[in-house]
Structures are given as structure tokens and as C-alpha cells.
Amino acid sequence: MIEEILVYGAISGGMYALLALGFTLIYGVSGVVNLAHGSFFMVGTYLFYVFGISGFFSLIPLTLLDPTWGPLAALILAIAFTGVISAALYRIIIHPVLGDEIGVMVVTVSLALIIQQLILMIFGPPNLRINPLVTGSKQIWGLGVTNMRLLAFGVSLILFIVLWIFTNKSKVGNAMRAVSQDREAAMLMGINTERLYMLTMALSAMLAAAAGVFITASITEYAAPWIWLHPLALSFSIVILGGLGSIKGSLLGGFIVGYAEQAVAIGVPEGGSIISIVPFTVMVIVLLLRPKGLFGKRIEMED
Amino acid sequence: MVTTYIRRAYSSFVAHVFDIPARLLAFLLFLTLLFIPFAIQNTYYLRILILANVLAIFAVSWDFLVGRTGQISLGHAIFFGIGGYITALLSSSKFFGLPIFLTIPIAILAACIIALALGIPSLRVKGPYLALVTMSFPLILAALLKWYPLNHIFKGEFGIRGLPALVPRLDWMTIGQQRVGEYYVTLILLFAASVILYKIANSKIGLVFVSILDDELASKACGINVTKYKLMGFMISGLFGALAGCIQTHLLRFANPPMFALTLSFLPVIVTFLGGLGTIYGPIVGAYIYYILDSYVLRDWLPRFLKETVGVTLPPEFDFAKLLIFTLIVLILVIKLPRGIAKFTTDKLGDLEEARDLDERGPRIWKTYKKKEKTTSTGSEPTASS
Amino acid sequence: MKGKIALGLAFATLLFGTLFFALPIEAQNEVTIGIIGPQGLPHWSPAGMKDAAEMARDEINAAGGIDIGGTPHDIVLAFGNEYAVPTPSPTDAYLEAERLITVEGCEILIGGFRTEVTQSIIEAAADYATPLLINGAATNELIGDTVGADYARYKYLYRLNPVNGTSLLYTIAGGIGGYLLNPTAPIPGAGYMIPMFADPTLIGPYGPGQVAVAVITEDLDWTLSIHGALTTPSVYPLLLGPFANVTYSGRIPDGTTDCTPWLTDVISSNARILIHVFSGTTGVPFVAQWRALSVNATLCGINVMAQLQTHWATTGGACEYEAMLNFAGTRTPIVPTITRAFWDSFVARTGVWPIYTAWGAYDAIYALKEAMEDIDSKDKDALLAYFESPSYQRQGLSGIFKYTSLHDVFTNEPGPVWFQGYVRALIAQWTDERMEIVCPKLQTYSKTWALPPWMYPLIQDTNYDQFVGVDDIVFAAEHFGDDPTRDRWEHVCDTTKDDYIGIDDIVDIASHFGATP
């Protein structure tokens, strides 16, 4: 029982953290609460389907050279395209209402609905099969875990470390941190905040797309036009509980939610049917104790 | 004697209503709403207007909370659902079987108390945190209602059914007459709700709300009990949100978990942005536009028009495009017309001097208050209750 | 001033005057039927309701329409969305039903899948006293709480398809309690799981040795009666037989994507039979994860997604060996001729296999046609009297159709042997991109209920008697030369999985001669 919570909780926690990372990044830098984050998750998954699995654009010829190349190329293309799309959408839709908290939420919710309907119209309602990139399963502490989940877990952690290094060591990362601390001062130092926001948006969407492909391929194994809602709910609760804008907060939050979900599913009678509210409940409890989440910035009374 | 009163009323009416185009427009719209059932033959169209009234009450309550007190709630469906479920439990013949003129007041008062509890997080968190925290409340409650161990009370996603109708259909009534009755009941409730909220918003309490919205720290420094007013904002808003939920429950004659759906939390937001945030009348216009556009134009008129003139039959899958079109319109409006349709119209028609200051949401009340201060001698500073 | 008033008046008139004009629709010699269903779910199209209804309409209209009192009436269909996805919206469902009735002028409604929105549609139909034939929702209370509680208001409400939850339960019970775990059933091979998997620590009425059963149902109301019956210790032995012991039960919320926690519990409960009940998309990841984790239990239950032809592709073949309920689900000789004809013409028309809502919609329109022709009227009260008459029954696509006093579908009693009687589901098993009927047992047609090889690796033991003997060779030899296009095709004999039972299969079996697990 305790092994189940530890093993499965850790694996889903790692994936959740990756999911939440993009959400926290864009908020931390530009203050945008991007309710379309789940949509980029979905767009990434569908693009992966288009490039890797469906017949038309498929990169299957690459597989002839080496069986891992096809999915890998499809993955990279899907992530890159999601980044481009998100940057364009940011420029057209979010930029005009930047600074208006409710306005941003309204446009991003609208955007999410539009993407959902577009996907419904293009791909239709049926579920599309997303094959696991690797097959087979391993035994960990006597529990069966599929290799795909282990891969997704590993990739999540690697991406996390890469992002950590990126934000802390690279020039762009420094600019991001500067802007998130004080936008005007950063502008005065010659940082092009607009371009930086767009870049952050693309980065955040690319992380969502990566999470989309790995989570979909490892857990659900299919894509449907409404797979954006659950990731969105998960990512916002994780991010809030960890502290909006905090990268280590989203890592910790992801694991907390992952463990808590497993604990409720296993420990509470009929707990499975309330598993969906576990992230929210954890979030509310944490917020009542720490109003800005675990690692959030202090409450500022004034701008 | 009587004629003098009538004449005086008329002249003040002319002075206060006909002189201001925005008010005139509102008055004419109200008259139209009052007499529209005589012009509509089809009960489906009446039903659209009834639902628009319900949504308008709901959206007005959201607008009051967000536009006037500045506390962003993305989980307003919780009040809707709580109101609906309480009145359902009380009026269902399987539980208490009380008449609805008792259960609705009880339900909205209970919702008011629950709103007090839900408002507590708002004292700790704010801005996007508050928005996302409130967003999770209805989701938590909906999942609990569907939880298997509680199934014998709340009946899962099946909900509580077999409730009395809002306007009972007596033996001599046709369905059309029942609809007309429902229409007037909802219209009166909408009118009452919006007038009450408008009065509150323009009273001293409303002024305190605006001061908190503008600058919480400064308000605190002025001795305003911020805690009390923030909770009060939640309670007032929750009360009217629950009223909308009660009406909806008795219109549909059942209450079930989709009353807590995320879409129902987003709907007042979208509708308010369509009409104009912080205006009270904006959401009403927005709700009407929403229902007419969605349920009449896109669902009924456009397919028929295309079929009759062009000869194209739209496939049922056109439904997917409907939401797309509607959301696109909202998106463009929010970006291009951030003040909303209603506010845009009144600004165009109305006094330009007033319009200039409307870029920020809220300060308009300042003006009203200042005017009042000039005309009446009782204008006192908002008392700070500590 | 005057100009402004005029402007305001003009604006108001523009807004309301033009938008709301009355539009009477007068139907001459037409029967307008409204189809309302879950667009965006597989129950709608193209395997579901819409195409089947259109097919019935085209067939009837081409044959001269419905003959009411000597006048031919054409069928006109109007389609509506019940707004069940992504989140059910009862308000919109009510509006849509009302639109179909008042604007489109529908005289009869068919449809309703998700419980939350179906009750909206029921209320709308009751408000307008319009007949509604439920096609999709199986919740018992949809009928029991309406027709049973307030007959005057809901008397025009009927259930059409599927049979209610209790009846679905009977079919599952027939498969497990009547066949898999029933050594005394007069069917060869019945009860074969007991010697294989009986757990001596579980003590039943006949002493130690019961087979552990796990129950996982979707957390929606329509499964409540099934879940309740299968988990109540005093009830389930009556259904599943004395050799079943339910060691685990769980409910998975609709829309769940990760079913690992539940499946892990199933593994730790040592269950050998897993009853799964799903109507939504969760059925897909559930089956995929069941396969990925190699859960040591054979699947048997309800999974609507598994009825779709695309299920094999959607699960990537993981659904192999999944057994689930299906209404006359596949083109098999077990079903009556009209069913086979429907299957063929539906596949020719749409290119995909029909699922249960398609059978229902097609059946409903034909049932209405026959009723209207019999009573020479399309009056709803005459139809009510006709359907309520105790002698009413008709041969439908999935069996003989008859109404209970509560307007629910009358079904057979539980039992292992299915005869051509009242409406009753079949149990089909996925094998290699096909569904095969494995229960009820009719010697000539139905196939062996295969066990997943990770549960019972000795696939050469084709009759599951735990010994590869001459009987297995004889069994394969009886089917020598078969391929899947033949009705008598027996997939367990194809041990080499090459879609042909040839000498290689017999050699394979013979080479394991004498083997035991």
C-alpha cells in the first residue's frame, strides 16, 4: 500500500510538475494567468499525432532509417510548432489586454474554447490513438510500471533540470528573472520585454506540448478534443499551491499532488471517485495557511 | 390633486429620463421587455428570454462582486448550484416538500451564509490566486455531490428531481400561458435584483467597495473595516447568484451537478465582458445578446435562413462551429471594445464628459456621489466602522 | 430630442421586432421525428443514431412512406444536439428539445444519452406532451421516477434502447454465473475457470475454492444498480453463482485517464474475473492499461467504446480478449435475418459497424411506422394505447420487443442459454480486429470464451480442460480450413494467429501433446 503511494505518486508527480512548469513560467515573467495552458497541451498532442501517426504528414519514412527517429522527429516538430503557434496567439490575442487581470483570463478561456472547437471540427470527436513511444513494463517494488511512464518521468525531470539551468545561467534566463522582479527597471536596462514575453509564452507552450505528448502517450494513450480541461485544472492547482511564478514550487507541488492523489485513491473508501478534487483541496488548504503558496512572493499591498 | 401628482411625476420623468439618451434607451428597452410576450407566438423564443433573464440575474451578481468590489471570482457557479440544491432539497416531496415561496428565500439566505464562509479565502488571497481558488470551489462541491457514499442523499449526477415548477401550470393554462407567467416572474426578479444592486453600488457601501477596489491599504488606513466589506460583497453577490440558481432549478424542475459546471462559472464572465464590466446594466444586455445570438440566431435562424434562401442544410455538426463563432465574437469584443457593448453604446449616446473618465472601471461612482453631495446637504464621509 | 427618441425606438424595434417573427410550420402528409443525441460522442455519428435514423427514413420514404388511412406520409427528420459534451448542459438540452418540438414541429422525439441531459429532454417532452423514446440512457430511475411516479405527466415517455440497468446486469450474470463459473450448465466447457483459478482460501457454500471476482464501474448513475447488486454479499451469489467471490469493487469517475490505482488493487485482490462497466471514454485507457499491466483477470462487462469498430485501433490492439455486452453486436448467425440485413446495409452505407444507439434509432422508426399503419393514425394517445396493449410485441433488431407496464423494455430472465426471445444483449469478445459472440452459448454459432495468454499461457489447450490431449487436436481438426469470414470460425483453434486454421495449428497443438499448465 505504501509502496503504491510512493511509486505511482512519484511518477505522476513528476509528470504533473512538468505540466505545471509552463503555467508558472509565463505567470512569473509576464503576469499572465494563461487559462489556455491546457489547450497547448492538447495542441502538442494533436500535432504529434499529425506528424507521427496520421498518414498525411507522417514522418514514417524516417523510421526506416532507425525506428526511434520517426517519433523523435515528430515530437520535436510538434513542440516547435506549438511554440510558434503560441507566440503568434500571444501577440494577437493576449498582448492587447495585457495588464488587465480579468481580461487576460477571459481571452485565454475564449482561446481555449476556440481551440477545442477547431480541433473538434478538424479531427472530429473520435479518440485518436497515441502509441506509447516504448513498450513493455518493469517491476518496481513488486509493482508493475510501464516503461513509457518511466520514460515520461525521466524526461520530466531532465526538462526540469534543463529549465532550471536555463533560467539561472543563460542570458535570456537572467532577463526573464529580471523582468519578473521589476518590469520597469528591466526595461530601463534595455531588455525588450515584449519580445521576452513572447519568448516565454512560446517556452511555456512548448513545455505544455512536451507534457502533452508524454502524458498522453504514457497514461491515456489517446487524444480527444477535451483533454485540455483536466491538465488545466491540475496545473493551476499545482502552481497555486507551489506559489505562482515559482519553479521549485511547481516541482514540489507536482509531487505533493501526485502523492496525495494516490493516497486518497488508496486510503479513502470509494476515494477513486473524488480523486479529481484532491489537487484543489490540497491547494485550498495550503493557501489558507500560506496565502501565496509554498514559494510564492510575499503579498504586495501596492504596485 | 391626483392630476397634480401625475403631472409632477411626468415632468420629473421627462427631466430625468427623456433628457438623457442612455436612460431613454434603457427605458425603451425595458418597455420592450415588458410587452414582448404579446409579440412572440412561439414558446421557444419566450424560453430564450426567460433563460436570458436568469442568466442576467446571475451575471449582474457576478458583475457586482468583480466590477464593484474588485474580488475576482471564477467560481460563481457555486452560488448558483448551492441555491439550486438547497431549494431542491427543501421543496422536493421526497425530503421536506415545502412550497417554493418559502424555499427560495431560505435557499438564498443559506447561500448568503455559505458565501460568508467562501469569502474567507478572499481575505487571505487576492488577484489571480483568488480567481483560481474560487474556480476550484464548484468543482470540489460537484465531485462531492457525485461521490458514491453520498449517493443516497444527492442522487449522484441524476440530481434531485420532481420539483414544483416556478409557475405552476393550472388546469386551464396552456404551455404558452405558463411561459408568459414565467417570463414576467423572472423579469420582475431581474428588475428587482438589478435595482437593488444598483442602489447598493451607488450608496455609501458602494463607495466603500470602490475605495477598497482602488486601494485596499489606503482604505484600511482611513479606518474602513476591509474584512467586513469584502465579506459583505461576497454575501450580497452570493445572495443574488443563488437566486438565479433557485429560479433555474424550478424552471427545469430538477437540480443536478452540471449546475456547478465550469462553463457556468465562465458564462457570467463572458456575458459581463460582452455588456460592460462594473455597470450592472451591462451584464443584462450581455445576457440577452448571448442568448439571442446563441439560441436564436445561430441555432435557429441561420440554419433556417440558409435552408430557405441558399438551399444549404447545415449538418448537426454545425454546433461545433456555433461555440466557435460565439467565442470569436467575445474575443474580438474584449480586445477591441474592452468596455463592453452596453457601456460603449451609452458612452456614445450619453454625456461625453462622463465618458472620458470611464476608462478605468469604477470611478464613475465617484461622480455620482459627488453630484449627490452637491445637490443634497447630507453628504457625509463614508463612516468607517472598525 | 425627438430624433433621439426616434433613434431609440428604431433601435429597440430593430433589436426585437425583426428577431422575433412567428413562423408556423405546417406539415402536410408528413411525420416529423426529432432525433436528439450526444453530438461529439460515438453514439451519435457515424456509427450511431444519426446515420441509422437517416437510413430508416430513406428506406421508408423510398417505399412510399407511412400509409396512414390510405394517405402516404413521408418521414421528415430534424436533428438536435443534447449538449452532453464536453460538460453536460441541461439548460441547453431543454432548449434544444423545445426547439425541435415548437420550431421544427416534431411530433415524436427519439434520443437522450447522458442521464443529466436526458432528464431535461424528458421534462421538455412532458411539458409539451410529446412522445419521447429514450435511445441511449440505461438508468433505471429515468423511467421509474417519471412514468411510475406521475403517470399523467409522463405517460408519453418510453424507453427504447438499451434495456435498463437491471437487464444489463442479468446478461453479465448469464455470462459469468451461467457459463464461466457454472460447472453444472448443460454446455460443453461450462465452468472451465473453476478448476483453473479457484482460490482455496475463499470458502463458498460447496467448500473451499471460489474464484475471486473484481467489479469496477463507472461512477455514473446508470451503473448504480449494477454496482450495488454485484457488491452486495447477499445478492451477488444469486447472479454470479456459488463459485464467485467478489473480493474488490471500485468506482472510476467518468473521464478518468489513469486507471492504474484501481487496476493495482485488482491485481492485489487476486481477482481472475474483472467486471468492468463503462459508457464513456474511460473505457479506452482502462482497457489499454489492463493490457499494459497484464492484469491477471479476464475482462467481462459493459464498455460502449469497445462496441466501436475503431476500438481496436484506439487501444492499439490492447482490447484483445476483452469481452463486453453488445446488442446483436456483430454480424453473426445467432441473430435474426433482419438484423443481418440491417448490419449489411448499415455497413454498406456508412462504412462502419453500428453500435447500440444505431440499432435503437432504426428500430424506433420502424416500430413507429408499423404502429401508425396498424392504427391508421399518428395521434399520440392512439399510439399510447397501442404500445400499452398487453398483446403488443414486435420483432426488433435485437430481439422481440415488448413494453412493461412502466414503458420500460421487457427482457428475458438471466441464464446462460440465450434463445431467440425478448430483447437481450449478447456478450462479444474482441479477437484480432473482430468481435466474436462468446455468450450466450449456442453450440453451432457462438465461439469459445478465450482467456488472455498471460493468464493462461497454454494456448494449445483449446478447450481449457488443462490438458493438451487428443480432444484439442480433434477440435482444431473439426475447424480445419476455416478463416474468419466463415460463421463457424473458432479463434481459439488458430494458435499460430495467422487467420487460418491449417495443419500448422494442428502441428502446434500436437507438439504440445500431454502438456499441462
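The values are calculated or read from the model by the stated rules, or taken from the named source; none is laboratory data. As the structure is a prediction and not an experimental result, all values here were calculated from the model. Neighbour counts are summed over all protein chains in view; Cβ atoms, including those assigned to glycine, are modelled from backbone coordinates with ideal geometry. All accessible areas refer to the heavy atoms of the entire protein, side chains included, with ligands and DNA or RNA removed. Shrake-Rupley method; radii C 1.70, N 1.55, O 1.52, S 1.80 Å.
If exposed chymotrypsin sites (Phe, Trp or Tyr not before Pro) are those in a DSSP loop with at most 16 other Cβ within 10 Å, what is the longest stretch of chain A that has none? Before the final figure, lay out the partial values.
On the way: sites that count: A:Phe56, A:Phe57, A:Trp141.
Counting at most 16 other Cβ atoms within 10 Å as exposed, the longest clean stretch of chain A is A:142-303.
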GNM flexibility winner over chain B from B:Ala201, B:Ala88, B:Ala142 (Cα, springs under 10 Å): B:Ala142
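Could you calculate the FRET efficiency of C:Leu238 with C:Asp199 from 1/(1 + (r/R0)^6), where r is the beta carbon distance between them and R0 is 25 Å, rounded to 0.05?
On the way: r = 21 Å, r/R0 = 0.83.
Rounded to the nearest 0.05, the efficiency is 0.75.
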Two-site label geometry, B:Phe95 and A:Ile76: point separation in nm, points 7 Å out along Cα→Cβ: 6.0
Table column - 3J(HN,Hα) (Hz), segment C:385-402, Karplus curve with 6.51, -1.76, 1.60, x for Gly and Pro: 4, 5, 5, 7, 5, x, 8, 6, 7, 9, 7, x, 5, 10, x, 7, 9, 7
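If you filter segment C:188-253 for chymotrypsin sites (Phe, Trp or Tyr not before Pro), then keep DSSP loop positions with at most 11 other Cβ within 10 Å, what is left?
Working: sites: C:Tyr192, C:Phe197, C:Tyr206, C:Trp222, C:Phe243, C:Tyr248; in loops: C:Tyr192, C:Tyr206, C:Phe243.
Sparse-neighbourhood loop chymotrypsin sites (Phe, Trp or Tyr not before Pro): C:Tyr206.
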So how far, in whole Å, is the C-alpha centre of segment C:71-149 from the one of segment A:1-21? 43
Residues whose modelled amide H sits under 5 Å from the amide H of C:Asp254, counting only those 5 or more places away in sequence or on another chain, are C:Asp219
Starting from the Cα-Cα distance between B:Ile332 and B:Val226, subtract it from 0.36 nm times their residue separation and give me the gain in nm to one decimal. 34.6 nm
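So which of B:Lys199/B:Lys336; B:Lys155/C:Lys402; B:Lys126/B:Lys336; C:Lys50/C:Lys380; B:Lys155/B:Lys322; C:Lys50/C:Lys369 end up more than 25 Å apart, counting from Cα to Cα?
Numbers: B:Lys199/B:Lys336 30 Å; B:Lys155/C:Lys402 29 Å; B:Lys126/B:Lys336 27 Å; C:Lys50/C:Lys380 23 Å; B:Lys155/B:Lys322 33 Å; C:Lys50/C:Lys369 18 Å.
From the list (B:Lys199/B:Lys336; B:Lys155/C:Lys402; B:Lys126/B:Lys336; C:Lys50/C:Lys380; B:Lys155/B:Lys322; C:Lys50/C:Lys369), the Cα-Cα distance tops 25 Å for B:Lys199/B:Lys336; B:Lys155/C:Lys402; B:Lys126/B:Lys336; B:Lys155/B:Lys322.
With runs of 4+ DSSP H residues as the only contributors, calculate the mean residue ellipticity of chain C at 222 nm using -39,500 (n - 2.57) per run, divided by the residue total and rounded to the nearest 500. Don't skip to the answer; put the middle values down first.
Working: 18 runs with 172 residues, N = 517.
Mean residue ellipticity at 222 nm (helix-derived): -9500 deg cm²/dmol.
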Residue mean of other protein chain beta carbons inside 10 Å, C:79-90: 6
Accessible area (Å², 1.4 Å probe, nearest 10) - A:Met121: 100
Would you rank C:Thr87, C:Thr115 by solvent-accessible area, highest first, keeping every protein chain in place and using a 1.4 Å probe? C:Thr87, C:Thr115
Cβ-Cβ cut-off under 9 Å around C:Ala93, Lys and Arg +1, Asp and Glu -1: the net charge is -3
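Which FRET efficiency value, to the nearest 0.05, is calculated for B:Arg7 and B:Ile106 with the Förster distance at 60 angstrom and r the Cβ-Cβ distance?
Values: r = 44 Å, r/R0 = 0.74.
Computed FRET efficiency for B:Arg7 and B:Ile106 comes out at 0.85.
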Phi-based couplings in Hz for segment B:236-253 (Karplus 6.51, -1.76, 1.60; Gly and Pro marked x): 4, 5, x, 4, 6, x, 5, 4, 4, x, 4, 4, 4, 4, 7, 6, 7, 6
Would you give the gap between the C-alpha center of segment A:146-173 and the C-alpha center of segment C:246-271, rounded to a whole Å? 31
Along Cα→Cβ, 7 Å out, is where each label goes; now give me the distance between the ones at C:Thr516 and A:Trp141 in nm to one decimal. 3.9
Among B:Met173, B:Met135, B:Met259, residue whose mean-square fluctuation peaks in a GNM of chain B (springs only between Cα atoms under 10 Å): B:Met173
In order over segment A:140-149: 3J(HN,Hα) from phi, Karplus 6.51/-1.76/1.60, θ = phi - 60°, whole Hz, x for each Gly or Pro, gives 10, 6, x, 10, x, 10, 6, 4, 4, 5
Between segment B:301-327 and segment B:146-198, the Cα center-to-center distance that results, in Å: 30
Under the 7 Å Cα-to-Cβ spin-label approximation, B:Ile113 and C:Glu388 lie apart by a distance in nanometres of 4.6
About the Cα centre, charge dipole magnitude for segment B:134-203 (Lys/Arg +1, Asp/Glu -1 at Cβ), debye: 80
